[in-house]
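Worksheet for the structure shown next.
The values are calculated or read from the model by the stated rules, or taken from the named source; none is laboratory data. This structure is a prediction, so every number in the text was calculated from the model and none was measured. So basically every Cβ, Gly included, is an ideal-geometry build from the backbone, and we count neighbours across all protein chains shown. The accessibility values were calculated without ligands, DNA or RNA, using every heavy atom of the protein model including side chains. Shrake-Rupley method; radii C 1.70, N 1.55, O 1.52, S 1.80 Å.
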Amino acid sequence: QVQLVESGGGLVQPGGSLRLSCAASGITFSIYSMGWYRQAPGKQRELVAAILRGGISNYADSVQGRFAISRDNAKNTVYLQMNSLKPEDTAKYYCNTAVGSKLNWGQGTQVTVSS
C-alpha cells in the first residue's frame, strides 16, 4: 500500500522560505515520478512541480525560479524548497505519485504566507 506523508508546512511572512518534505513508503521510490500540487480555498488543485525518476524537473510558471523540487532516493523522500514566498502561495500542498493507473495522495500540509 502506497503511503505519502507530507511535512514542513507552516506560517511564514512574505519573502520567507519553507522546505516541504514527502516521505513515501510501499513503492520502489526511485522508479517513480513525484509531484507537488497545491489547492487554495475555492480553487482547483494545481501542479506546482514534478520530478522524474532521472531527476528532470518541471515547474508551474507561477513558481519558476522561486521553488525547487528535489528527491533523495536513499530516503524515499521528495522535497520542495520554496523561496521568496508570496501571499498567493497560500494553499494546502500535496505530494503525489501515480502507480499504474492509480493516483496516490498524501494528507497535505498547510502553507500560509501572511504578515
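Please specify each residue of the stretch 24-43 satisfying the condition of being without any contact (Cβ under 8 Å) to a residue 12 or more places away in the chain and closer than 19 Å to residue 104 by Cβ.
Answer for the stretch 24-43, where residues must be without any contact (Cβ under 8 Å) to a residue 12 or more places away in the chain and closer than 19 Å to residue 104 by Cβ: just 28.
Just to be sure before I move on: is residue 81 at negative phi and in a strand (DSSP E or B) in the structure I sent?
Details: at negative phi: yes; in a strand (DSSP E or B): yes.
Yes: the conditions hold for residue 81.
Being among the aliphatic types (A, V, I, L, M) and in contact with a Ser or Thr (Cβ under 8 Å, 6 or more places away or on another chain) is the filter; apply it to the stretch 49-67 and report the residue that is farthest from residue 85 (Cα to Cα).
52
Just the residues that are among the β-branched types (Val, Ile, Thr) and modelled with pLDDT of 95 or more, please, taken from the stretch 26-55.
If the condition is that a residue be among the β-branched types (Val, Ile, Thr) and modelled with pLDDT of 95 or more, then 48, 51 are the ones that fit.
Looking for something open to solvent by 20 Å² or more (accessible area, probe 1.4 Å) and aromatic (Phe, Trp, Tyr) - is there at least one such residue anywhere in the stretch 19-29?
no
Are there any pairs with C-beta distances below 8 angstrom linking a residue in the stretch 10-23 that is closer than 22 Å to residue 106 by Cα to a residue that is open to solvent by 70 Å² or more (accessible area, probe 1.4 Å), with the two at least 6 apart or on different chains, and if so which?
10/110; 22/5; 23/5; 23/75
When only residues in the stretch 45-58 that are in contact with a strand residue (DSSP E or B) (Cβ under 8 Å, 6 or more places away or on another chain) and closer than 13 Å to residue 32 by Cβ count, which is most open to solvent (accessible area, probe 1.4 Å)?
Among those residues, the one meeting the criterion is 55.
Working only within the stretch 59-81, note down all residues that are surrounded by 12 or more Cβ atoms within 10 Å (Cβ to Cβ) and farther than 17 Å from residue 20 by Cα.
The answer is 62, and nothing else.
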